[in-house]
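Worksheet for the structure shown next.
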Amino acid sequence: MALGARFPHSPGEERFEFTPENRAELGRIMAKYPARRSALIPALQLAQKQAGAVTSAVMQHLAAIFGISPMDVWGVVSFYSMLKTRPVGKHHVMVCDNLSCALLGAGSLLRHLEQRLGCRAGHTRADGKFSVERVECLGACGGAPCLQINEDYFERVTPAMADEIVAALEKGEPVAPVGADEAAPPRDGAGAAQESAAQESAAQESAAQEKAAG
Amino acid sequence: MAIRFEKIVTGRFGNPEASTLAGYEAAGGYQAIRKILGKAEPKNVIELVKASGLRGRGGAGFPCGLKWSFVPQSLNPKYLAVNGDEGEPGTFKDRELMIRDPHQLIEGIVVACYAVGIAKAYVYIRGEFDAPWRAVERALGEAYAKGYLGENILGSGFGCDVYAHRGEGKRGHPRLKPPFPAVVGLYGKPTVINNVETLSNLPHIVNNGAEWFAGIGIDEKNTGTRMYCVSGHAARPGLYELPLGLTCEELIYEHAGGMRNGKALKAVIPGGASAPVLTAQEVREGKVRMDFDSLAKAGSMGGSGGVIVMDETACMVQAAGRLARFFEHESCGQCSVCREGTGWVSEIINRVEAGRGRADDLATLASIDPNMRGNTICVLSDACAMMFGAFLKKFHREFEAHVEQGRCPLGSPYPA
């Protein structure tokens, strides 16, 4: 949460309005919930995608749509770290450094990325292509260290892997998300559990048979 | 005591088709609602779930059937809020359940709605979760098209609607309880709140019976399996669905491959960031079991199933500092005790870690702890206190050494 964050006044800023497609999409979202306001966060996400950031003009437009005050919208915007009042890079790189990721090298991964991208955490590169942010738990701790680039997750990220991803993005090539399964030697959690399950049930069966026989 | 090994909610994880409607049906899906809708009395479904012993997999471990029975039958509308936030560091199971087996969740939701008499369910998925959102939205579309959702499901006369949801469009501010959500919840209406994993168990309980479910696990109060989310220094971090009641050592050494690089275990956080840390000695000598009641008896909790494993190279002050920063970030700011407390705790612990600890810092931390418990609207403050209180008590010597030496004796192994 951003305590004490200030309303991003920007005098002279251009008006914001949803494109007809986004306005229609918002209408569909609003119709799903008993209270229209439940569509506010999806609306903010749509607006952020369209305008690049949740500017004061965005908040005023949404306030008018939802029939609430711009400060009320700002209250919501300032609460959620995924909502940005200033544009982030075309590729927004979020590095988790909560405990599970920190234990497996999130700190050095973050420093590596800062150097590779020439961009400090919390900043956007001058060419607008990349921005880096240190974030709290992404909920992918089994694939630590993990990062999120725009909507995609990348797990078990090594510095070499990070370089490959960045190189591809710099060339404008598409990059597929990498789950923990693909990234590293198979996490044989599932396999191991299955094996021991089979052993266990075999043991139980033979015990039961012995009992029955005895 | 021999514990039966059986995978329940992750049983179809190896089958990539299971995330589609056709794949789910082919693997035995949507049989549970065929069995009960319009055939079983809703109150008997509640009794079935009570008899199964199913407890909430989100954090508190509250008995699911009992929670359902608190909702006043006469008040309408009532809602089911499905908690897919997965906000507790160390936890990564609900995301997988939503992506890999979304129809299992949807079928579980229909079972819950039928039992409690709910016509609308909202699956809360946090804003950062794009893939789970898309998976659930796609599955909902498929389920509607096939008549598993909407009006008159399978000709039973019962209908319910399910929506993916990003919240009420407000700041995330907890409300004072009572009234409890069972009476005044989502949109001010009576609401059942169940975790994704809890609901995903329901089709299996309906299909196989309460007795079957209760037969898995260690005793009648700790039944079924949990998705243990192993992270940190285990050799094979990942998801392990195992019966309640296996020991922490079995989980780490027999399932998660032991410790990385053969290092010695130092500490385990057994149930997500809020669960008090256990020392290696407690784990070993106490033979701590990973079910709800055994962990409570050991002074910790099963929480959300997030098991963070730390080896001898880990610095406990640094670990506590990292988690304290999380609590500070997540504090909503309504209660001064939490808003200020989490900030102070984070500042002090991270100062000690950085070698700038003051002589009275540890005493200050110890004095903050009781004030942060039981004095706030929600339990985030309590959770923070449980977290750092346990680190401070169990690794006090390590904290002292930081202050005495003016540096991290372990060399801050994981600098930010």
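Key figures
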{"read-out": "On Cα atoms only, tilt of B:396-405 relative to the major axis of chain B in degrees", "value": "40 degrees"}
{"read-out": "Restraint check, B:K67/B:K297; B:K50/B:K297; B:K43/B:K67, Cα-Cα greater than 18 Å", "value": "B:K67/B:K297; B:K50/B:K297"}
{"read-out": "Inter-label distance for B:Q31 and B:H396, nm, one decimal - labels placed 7 Å from Cα along Cα-to-Cβ", "value": "5.7 nm"}
{"read-out": "Region A:91-183: relative contact order in percent, alpha carbon pairs under 8 Å with at least 6 residues between", "value": "31 percent"}
{"read-out": "Length gained when the stretch B:D219-B:N207 is fully extended (0.36 nm per residue, less Cα-Cα span)", "value": "2.2 nm"}
{"read-out": "C-alpha long axis of helix B:42-52 to longest principal axis of chain B, angle in °", "value": "40 degrees"}
{"read-out": "Ranking of A:R116, B:R175 by count of other Cβ atoms within 10 Å, fewest first", "value": "B:R175, A:R116"}
{"read-out": "DSSP beta bridges in the protein assembly as shown [antiparallel fraction, %, rounded to 5]", "value": "50 percent"}
{"read-out": "CD proxy at 222 nm, helix term only [per DSSP H run n ≥ 4: -39500 (n - 2.57); per residue of the protein assembly as shown; nearest 500]", "value": "-13000 deg cm²/dmol"}
{"read-out": "Filter on B:K287/B:K393; A:K32/B:K35; B:K35/B:K120; B:K7/B:K263; B:K177/B:K393; A:K32/B:K7 - keep pairs with C-alpha separation over 27 Å", "value": "A:K32/B:K35; B:K7/B:K263; B:K177/B:K393; A:K32/B:K7"}
{"read-out": "Taking B:C229, A:C119 and counting other C-beta atoms within 10 Å, the order from fewest to most", "value": "A:C119, B:C229"}
{"read-out": "Nearest-ten-degree value, helix B:336-353 long axis tilted from longest Cα axis of chain B", "value": "50 degrees"}
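Coordinate-derived values only; no laboratory data. Note that the coordinates shown come from a computational prediction; the quantities given were computed from them, not determined experimentally. Positions of Cβ are backbone-derived with ideal geometry, glycine not excepted, and every protein chain shown enters the neighbour counts.
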